[in-house]
1. Consider residue B:174 against the criteria (1) surrounded by fewer than 16 Cβ atoms within 10 Å (Cβ to Cβ); (2) in contact with a strand residue (DSSP E or B) (Cβ under 7 Å, 6 or more places away or on another chain); (3) among the aliphatic types (A, V, I, L, M): it satisfies all of them except one. Which criterion is unmet?
2. Counting just the residues of the stretch B:206-249 that are in contact (Cβ under 8 Å) with a residue 40 or more places away in the chain and facing chain A (nearest Cβ under 9 Å), which one comes out surrounded by the fewest Cβ atoms within 10 Å (Cβ to Cβ)?
3. Of everything in the stretch B:45-70, what is exposed (fewer than 10 other Cβ atoms within 10 Å of the Cβ) and within 16 Å of residue B:298 (Cα to Cα)? Give them in sequence order.
4. Which one of these does residue A:256 not meet: (1) in a helix (DSSP H, G or I); (2) at pLDDT below 90?
5. Look at the stretch A:240-253 and say how many of its residues are more than 17 Å from residue A:285 (Cα to Cα) and in a strand (DSSP E or B).
6. For the stretch A:94-123, name all the residues that are buried (at least 18 other Cβ atoms within 10 Å of the Cβ) and under 30 Å from residue A:282 (Cα atoms).
7. If we scan the stretch A:165-179, do we find a residue that is in contact (Cβ under 8 Å) with a residue 60 or more places away in the chain and under 19 Å from residue A:229 (Cα atoms)?
8. Taking residue B:201 and the conditions (1) crowded, with 24+ Cβ neighbours inside 10 Å; (2) within 9 Å of another protein chain (Cβ to nearest Cβ), which numbered condition does it fall short on, given that it satisfies the others?
Amino acid sequence: MHSDGPNDERGLSQQIAVTREPEQAGEDIWAKDKVFEVNDVTVSYGKKPAVRDVTMDIVRNEVTALIGPSGCGKSTLLRCLNRMNDLIPSASVEGEILYHGQDLYGHKVDPVQVRKMIGMVFQKPNPFPKSVYDNIAFGPKVLGMKDIDERVEKALHGAALWDEVKDRLDDNAYGMSGGQQQRLCIARTMAVEPEVILMDEPCSALDPISTGKIEDLMAELKEQFSIVIVTHNMQQAARVSDKTAFLIVELDATDENRWGQLVEYDETGKIFTNPQDSRTEDYVTGKVG
Amino acid sequence: MEARDSIGAFGQRGAARPLPSLEAPSHRYGEKLIKVLLGACALLSVVTTTAIVISLLIPTIGFFTEDNIGITEFLFGTSWAPTFQPASFGVLPILVGTLSTSLWGMMFAVPIGLASAIWLSEYASPRARKVVKPVLEVLAGIPTVAIGIFGLVFLSPLIDDIFPFMVNVPPFSAGIAGLAIGLMIVPIIASISDDAMRSVPSGLREAAYGLGATKLKVATRVVFPAAISGVIASLVLAGSRAIGETMVVLLVAGASPNLTFDPGSSVLTMTAFIGQTATGDISTGSITYDTIFAVGSLLFIITLILNMFAIRMVRKYREVYE
């Protein structure tokens, strides 16, 4: 269920100029606060499109999953949402991505500012080669925040990691297990209090138990954050997400160019039980992919 | 399908084929020979180092025993005139000369070298990097005598015009010698530090960018610390080059054993003394001969301590990733 309650207490909600619609009583699932409006977006590397003509709205305080076979451009699409693709010189974005109505690629928009609001967790756990404490404190420190100790503790509690690491905050993060490292990376992202957390296959390098912990965590996190997750694992999408977008790899007539295309985007339950497109059905039932 | 049948014979391996021999078909002498040769090559540098240490030590012992120079007089004496009458063997002036030129060189080269490395690894476009890095490495290969001449005939008059306090006795000056050494070691620092910083996994950069860090913060707070062991290695190599540099100081520093860190003064360094004195006409076993080796030993010990110190620094500050 979507709830706006806890957000009102969060300082960040006030920082962002969010024009809040009055609470809608109706059943229309798209009428909720939109975090992102992706309109006709095509992302290319050099001249080759990686994903074409994607249009979708991403809703606040929900988990939105992007699924699809390898090469369908789901990670590429995700990385556009916080301008991470700017780091790849050949990448270009056409179309429009609105973040609370503001053009994310507007010429006055600073990607550094964007990434403060829209954090990211990566496929491979990538803690800094520093202590547990310094990993979490890094973000708040470079952003000039105060009360670092409190933020570190809060973030570790938030990522359900506090009890495991409270006695070894000064130990190097590389001494932790893979699952702990990934939760540390989630805590590190939470410490700068973004509004959105993008997760790029966050569990693909983890064992099932660690994966379970992170999935449980995501259910809690969506109370505070809006989450967009890319995953290879359909069961994971079914378990954690409220809405699911299914992308496929499209080939042109000559078979030389391939790109990702959005096939269907709907509530997760619908995608998995009553998909409208036969390609979605084939994929989620395991006939292809 | 016929073809399929004949392939099918593989299936009955155990029945038809005799048990193959598990013994080596030959003695592989060639392989053993190569192993010995490789080991011998590796041993050569160990033998050379030992030989150098011994050849330095024997005349050095002679310097302190047969020539009867006191160790305290040598290490703490403030007057260096080993070839004069009366001779004095206080090594401090030339020790300070070495430290002075190296220090001025490092003060110039470390910030510029590290800044270049950060620019090369984090800011430069691939095209700019492709041009700049090879040029930088060519600079590292310029013969030091050419850099010495450049310092003497170009840098020294130029700087004397702008900052006269840098050159007390034109054209010689410790500071200009340091500057020339600095030019020489900037590429070492820049190139090795750049390599170290580029080998930092890009995942760490992405993590920092993802938190809203600016490029500068990513470079200075994440990439640089993660590359610190390579950076320190580059500084040690550069420092050793600076201390061991002979030709530049011989030409530019002026060869007067003044006990001073003043960059404008002319100084004699330990290497310049050796280079200047070790000519063909000194007789083996004379005091002058032994003096050269005593100074050489001291130089050797200093670089050794520097290296050991650096190894400890690297161990202490290293940020190990994976």
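1. In the conditions (1) surrounded by fewer than 16 Cβ atoms within 10 Å (Cβ to Cβ); (2) in contact with a strand residue (DSSP E or B) (Cβ under 7 Å, 6 or more places away or on another chain); (3) among the aliphatic types (A, V, I, L, M), residue B:174 misses (1) alone.
2. The selected residue is B:215.
3. Listed by number, the list holds a single entry, B:54.
4. (1)
5. Of the residues in the stretch A:240-253, 4 are more than 17 Å from residue A:285 (Cα to Cα) and in a strand (DSSP E or B).
6. Matches in the stretch A:94-123: A:97, A:121, A:122.
7. no
8. All conditions pass for residue B:201, except number (1).
The values are calculated or read from the model by the stated rules, or taken from the named source; none is laboratory data. It should be emphasised that the depicted structure is a prediction, and the values quoted were computed from it without experimental measurement. Cβ sites come from the backbone with ideal geometry, for glycine too, and all protein chains shown count toward neighbours.
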